[in-house]
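Working notes, beginning with the structure itself.
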Amino acid sequence: MREICLVRAPSNLGLRPLRPGHIPGTWRAPQALTEAGLVEMLSPAKVVDLDRPAYSTEPQPGTRLRNGNAIRSFNLALAEIVAGALGRGEFPLVVGGDCAVLLGALAAARRSGPVALVHVDGHSDFRHPGNYDVNASLGSAAGMDLALATGRGEPLLTDWPGIARPLVADEQVIQIGERENRNANFAWPDIHSTAMTLIDVFAVRELGAAKVLDKTWSTLARTRLAPLGAF
């Protein structure tokens, strides 16, 4: 077992406000988990804390993504920390606030070559300019992280220094847990035309945990790549 480097990344930048003046509280996740005993349970060799970035509801120059420039800066800093941990042979465990921190973790892992991604989320987070009107409202990166990671969206969050786009190829993605009713008008139906392996929550219930794990591992075996998990 490699020693764990626990990275606490308290961000809420990728989320939309629920009402005027609201600031999403997911930035508290690292603190809440620490208070619940996470450090004592993991006994990490190192704990690294990023500063909480300032959240804004206002548009920013050059992007139609809410907090887009701040998300890029935060993820660039996160990537340096994760890359350092990987370089020391440690196992980086990133505890974030919203899904947008996936981008920095992937950008770090990609410095050593291609990776596979196991994306476990109740939503597939596949919103991108090909399936919504970017001029209608600001985009929220936490609902777009899988699309961005696979190269769909603004270059601000798809293009990273020294790494060929995309961060992860479609055929190297396993998405588990989508809870939208498969018989309803699915929010992002174009994900079904990609080469991603999709196991929605209904399939999880039908297959059971053991078969879902078997399917996940068999997919990873075909990619022959080390997986990065996002939850």
task = Please list the helices of the chain that count as membrane-span-like by this rule: a mean Kyte-Doolittle hydropathy of at least 0.0 together with Cα atoms stretching 20 Å or more along the helix axis, each helix being a complete DSSP H run.
result = 68-87
inquiry  = For the stretch 31-76 and the stretch 123-182, what is the centre-to-centre distance using only Cα atoms, to the nearest Å?
reply    = 19 Å
key: Relative packing of 112-120, 149-157, 204-212, which averages over residues the other C-beta atoms within 10 Å, highest first   = 149-157, 112-120, 204-212
ask   = When a footprinting reagent is the concern and you count Cβ atoms within 10 Å, what order do Met1, Met196, Met144 take, fewest first?
value = Met1, Met196, Met144
query = Which residue fluctuates the most in the chain, going by a Gaussian network model with Cα springs under 10 Å, if the choices are Leu78, Leu13, Leu198?
reply = Leu198
task = Using a Gaussian network model of the chain whose springs link C-alpha atoms within less than 10 Å, name the residue from Asn135, Asn67, Asn75 with the highest mean-square fluctuation.
result = Asn135
query = Is it possible to state the helix-based mean residue ellipticity at 222 nm for the chain, with each DSSP H run of 4+ residues giving -39500 (n - 2.57), the sum divided by total residues, to the nearest 500 deg cm²/dmol? What is it?
reply = -8500 deg cm²/dmol
query = In the Gaussian network model of the chain, springs joining C-alpha atoms below 10 Å, which of Ser56, Ser124, Ser43 carries the largest mean-square fluctuation?
reply = Ser43
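None of the figures in this text is laboratory data; all of them are computed from the coordinates on show. Quick caveat, the model's predicted, so the values are computed rather than measured. Glycine gets a Cβ as well: all are built from the backbone with ideal geometry, and neighbour counts include every protein chain shown.
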